[in-house]
1. Between SER58 and THR6, what length in nm is gained on full extension when 0.36 nm per residue of separation is reduced by their alpha carbon distance?
2. Report, to the nearest 10°, how far helix 49-71 tilts away from the longest principal axis of the Cα atoms in the chain, using its own Cα long axis and a range of 0 to 90°.
3. Consider a paramagnetic label point 7 Å from the Cα of ASP17 along Cα→Cβ; state which residues of the range 59-82 have an amide N under 15 Å from it.
4. Using θ = phi - 60° and the Karplus curve 6.51 cos²θ - 1.76 cosθ + 1.60, what whole-Hz ³J(HN,Hα) does each residue of the range 15-24 get, with Gly and Pro shown as x?
5. Counting Lys and Arg as +1 and Asp and Glu as -1, each charge on the Cβ, what is the dipole of the chain about the Cα centre in debye, to the nearest 20?
6. In whole Å, largest first, what are the principal axis extents of the Cα atoms in the chain?
7. Roughly how many nanometres apart are two label points built 7 Å out from the Cα toward the Cβ at ILE51 and LEU68?
8. Indicate the gyration tensor shape class of the range 30-71 (rounded, prolate or oblate), computed on the Cα atoms with a ≥ b ≥ c the square roots of the eigenvalues: a/c under 1.5 is rounded; otherwise a/b larger than b/c is prolate and the rest oblate.
Amino acid sequence: MNKFFTREFTLLDARDDRFLMIVICVVFSILFINVFVPFNINRWVSDSGFIQFLRLSSYGIVIGLIFLFTQFPLRVITKVGL
């Protein structure tokens, strides 16, 4: 059991695996925010239709940009997984 917990985590070391994770997270977040509308987020600003879809989807795009930064430049800066 101790050997299991002391193994190195290598799942996100490959560049393709990190891109796949980012794409899945962005697609899921865009779908989740537009379908389930948590915290009545659609009523925060008075817009509707396609503009509302773009505004809500932009939150998912911001999440993707944060993941891009944390998985590529920040890993190089901190020398994690190199």
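1. Stretched out fully, the SER58 to THR6 stretch lengthens by 14.8 nm.
2. Long axis of 49-71 versus the principal axis of the chain: about 10 degrees.
3. Only 71-72, 80-82 fall inside the zone, counting backbone N under 15 Å.
4. Each residue's phi maps through the Karplus curve to give 4, 5, 5, 5, 4, 4, 4, 5, 4, 4 Hz.
5. Dipole about the Cα centre, nearest 20: 180 debye.
6. 53, 30, 19 Å, listed from the longest principal axis down.
7. About 2.6 nm separates the two model spin labels.
8. Taking the square roots of the gyration eigenvalues as a ≥ b ≥ c, the range 30-71 is prolate.
Read the figures in this text as sums done on the coordinates, not as results from a lab. None of these values were measured; they are calculated from a predicted model. Glycine also receives a Cβ, built like all others from the backbone with ideal geometry; neighbour counts cover every protein chain displayed.
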